[in-house]
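Novice: To start, I am sharing the structure in question, which I have written as structure tokens.
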Amino acid sequence: MDQNRLPGGRIIQHVKKMTRLIKDLPINIAERALTTVLKSQTRINLTSTTAADIALPSPRPGVEYTLYAHVPFCESLCPYCSFNRFLFEEKKASVYFNALRAEMRLIAALGYNFKTLYIGGGTPTIRMDDLCQTIDLARELFDIKEVSCETNPNHLTPEYVEQLKGRVQRLSVGVQSFETKLLREMNRLEKFGSGDMILERINETAPHFESLNVDMIFNFPNQTAEMLSRDLDAILSSNAQQVTFYPLMSSNSVEKSMAGSVGKPNHKREWEFFNLINDRLTGTFVPLSAWTFVRKSAGMIDEYIVDNEEYVGIGSGAFSYLDGALYVNNFSVADYVHTVESGKTPVNALNHYGNKAQMRYWFMMNLFGMNFDRQAFQRRFEEPIGRGLWLEMLFMNLMGAFQKDNRQLLTRRGQFLSVVMMREFFSGVNNVRDLARKNLSPLELASATPEKRTTSEA
């Protein structure tokens with residue numbers, strides 16, 4: 001039978017012609033093409049419908065969920081950060097933590113249970129007594145076995161570590177770079193000290209936890225290959241069991257703001273930098289996700305989005321992904337506290353994913369987690385992935401994303417393309433955060449806006 005006479009046959013023939021043309025394209029061109037498509041998709045898929053009195057669904061039997069708790073306070077704001085965050089105020093933070101624990105009780109009353117808790121920010125360790133109370137309550141309400149918590153280098157002190165030991169199994173430290181020039185441009189040098197000082201604190205802290213992860217950024221505007229190589233030297237010499245190298249993921253507004261001070265990120269360098277990271281870490285570390293590496297002697301991964309497909313987010317600006325829908329908590333701390341104190345969950349935006357969007361989300365997350373399984377896709381969506389996502393699979397196959405001997409494993413090119421997917425997905429999420437921030441009061445908006453710096457200051 002003539003294939004052109006089948007439904008979609010002409011499209012298939014056109015695609016085949018196109019793929020013959022792109023098969024040998026450099027990876028940088030493939031990255032640009034993929035980025036363009038994903039920017040369009042995230043604009044569609046991450047457009048939330050705002051409504052009043054949105055309730056979280058009840059948990060489904062047999063589904064394992066992760067609990068994410070957001071603490072949106074920082075002592076100062078980093079210019080590249082797009083997360084929901086505000087300048088720290090003692091009284092406001094104290095009230096907030098009380099509301100966070102109240103929301104946790106509301107989630108327990110809905111019937112949810114969790115084995116893992118991930119606490120992010122902001123700076124979760126900004127009020128240690130409240131943080132410890134929150135972790136202790138989570139263990140009372142749920143069957144928590146593992147707690148992951150983010151912190152900053154200035155909180156790697158004996159006093160803080162002593163309170164976290166036993167409560168937190170996986171500590172994640174936001175370092176971003178050990179380079180003095182980059183730390184200054186990120187507004188982190190004065191706050192956290194030099195790279196040498198930070199490295200010393202990491203080495204002293206790491207033995208007290210089952211896993212200590214170091215968060216790093218690559219492809220910062222003024223970063224060079226030499227700078228990145230020195231960052232890798234520091235990681236290799238450290239006691240850190242795990243390192244995460246994120247590509248710079250900014251919202252549109254943050255990217256514009258950075259362009260006026262430190263410049264725009266150059267995506268042409270991403271493939272070069274990605275290869276440098278993988279080449280240098282291979283042998284000492286092994287990849288557990290597309291951008292997370294763990295020492296061969298360790299085995300824990302500090303990525304809540306990899307552990308479970310679905311998760312509940314609590315706290316101001318937190319996201320929940322449940323049964324094919326994205327739920328967004330109120331970004332205003334004042335409104336968040338008021339809603340929780342009234343006995344309601346603080347969700348004020350909702351986006352239902354269609355079946356195709358759910359497929360793409362599953363595809364992206366499983367590629368990212370380096371756990372791609374065709375049979376799992378078919379069980380989940382009741383059709384082969386070659387039919388449900390035929391164009392995506394065609395693109396990835398032509399780009400050499402899968403190893404020939406086992407199509408569930410990614411090649412280096414496949415790992416990089418999954419990083420591009422995640423970069424654009426999180427950039428899209430950051431744009432959603434930007435839209436949410438526009439509804440903040442002038443006072444809260446001022447507290448959520450980093451101080452502008454000139455090029456000379458940077």
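Just so it is clear, none of the values below were taken in a lab; they were calculated from the coordinates. If you're wondering where the values come from, they're calculated on a predicted model, not measured in any experiment. Cβ sites come from the backbone with ideal geometry, for glycine too, and all protein chains shown count toward neighbours.
Novice: Of 119, 107, how do they rank once you tally other Cβ atoms within 10 Å and put the fewest first? Working shown, then result.
Specialist: Details: 119 27, 107 23.
Exposure proxy ranking, most exposed first: 107, 119.
Novice: A follow-up question, please. Could you run the Karplus curve 6.51 cos²θ - 1.76 cosθ + 1.60 with θ = phi - 60° over the range 277-286 and give me ³J(HN,Hα) per residue in whole Hz, x for Gly and Pro?
Specialist: 4, 5, 5, 6, 7, 4, x, 9, 10, 10
Novice: Another question, if that's okay. If you find the alpha carbon centre of the range 59-85 and of the range 371-449, how far apart are they in angstrom?
Specialist: Between the Cα centre of the range 59-85 and that of the range 371-449, the gap is 19 Å.
Novice: How high is the FRET efficiency between residue 55 and residue 226 when r is their beta carbon distance and R₀ equals 45 Å, given to the nearest 0.05? Please list the in-between numbers first.
Specialist: Numbers: r = 53 Å, r/R0 = 1.18.
My answer for the efficiency is 0.25.
Novice: With both bridge residues required to lie in the range 65-307, what share of the DSSP beta bridges run antiparallel, to the nearest 5%? Intermediate values should be presented prior to the final figure.
Specialist: On the way: 6 of 36 bridges.
The answer is about 15 percent antiparallel.
Novice: Compute the distance in nm between two label points, each set 7 Å from the Cα along the Cα-to-Cβ direction, one at residue 411 and one at residue 397.
Specialist: 1.4 nm
Novice: Also: Could you pull out the trypsin sites (Lys or Arg not before Pro) across the range 335-405 that fall in loop regions by DSSP (anything but H, G, I, E, B) with no more than 12 other Cβ atoms inside 10 Å? Could the numbers behind the result be given before it?
Specialist: Details: sites: 344, 356, 360, 374, 379, 380, 387, 404; in loops: 344, 404.
Answer by residue number: 404.
Novice: With r as the distance between the Cβ atoms of residue 446 and residue 325 and R0 = 25 Å, compute the FRET efficiency 1/(1 + (r/R0)^6) and round to 0.05. Before the final figure, lay out each step's value.
Specialist: Numbers: r = 33 Å, r/R0 = 1.30.
Efficiency, rounded to the nearest 0.05: 0.15.
Novice: Counting other beta carbons within 10 Å of each residue's own, what order do 116, 449 fall into, fewest first? Before the final figure, lay out the partial values.
Specialist: Numbers: 116 22, 449 15.
Fewest-to-most Cβ neighbours within 10 Å comes out as 449, 116.
Novice: OK, next. Could I have the simple spin-label model distance between residue 286 and residue 128, label points 7 Å from Cα toward Cβ, reported in nm to one decimal?
Specialist: About 3.6 nm, to one decimal.
Novice: Send over the per residue convex hull volume for the range 86-221, Cα only, as a whole number of Å³. Working shown, then result.
Specialist: Numbers: hull volume 16.7 nm³, N = 136.
Per-residue hull volume (Cα only) is 123 Å³.
Novice: Where does the range 65-307 land on the Kirkwood hydrodynamic radius, alpha-carbon pairs, in angstrom?
Specialist: Values: mean 1/r = 0.0537 Å⁻¹.
Evaluated over the range 65-307, this radius sits at 18.6 Å.
Novice: Quick check: pseudo-label points 7 Å beyond the Cα along Cα→Cβ at residue 275 and residue 383, how many nm apart are they?
Specialist: Taking the two extended label points, one gets 3.8 nm.
Novice: As a footprinting exposure proxy, order 129, 335 by other Cβ within 10 Å, with the fewest listed first. Please list the in-between numbers first.
Specialist: Working: 129 10, 335 18.
Fewest-to-most ranking of 129, 335: 129, 335.
Novice: Round to the nearest 0.05 the FRET efficiency obtained for residue 159 and residue 233 when R0 = 35 Å and r is the Cβ-Cβ distance.
Specialist: On the way: r = 30 Å, r/R0 = 0.86.
So, using R0 = 35 Å, E works out to roughly 0.70.
Novice: Which whole-Hz ³J(HN,Hα) couplings does the range 335-340 yield from phi under the Karplus relation 6.51 cos²θ - 1.76 cosθ + 1.60, θ = phi - 60°, glycine and proline marked x?
Specialist: So the Karplus estimates, Gly and Pro as x, are 5, 4, 4, 4, 5, 5 Hz.
Novice: On to the next question. Pairs 91/438; 264/438; 92/438; 91/264: which exceed 28 Å Cα-Cα?
Specialist: Over 28 Å apart, Cα to Cα: 91/264.
Novice: Taking H placed 1.01 Å from N in the peptide plane, check which residues at least 5 places from residue 71 or on another chain put their amide H under 5 Å from its amide H.
Specialist: 120, 121
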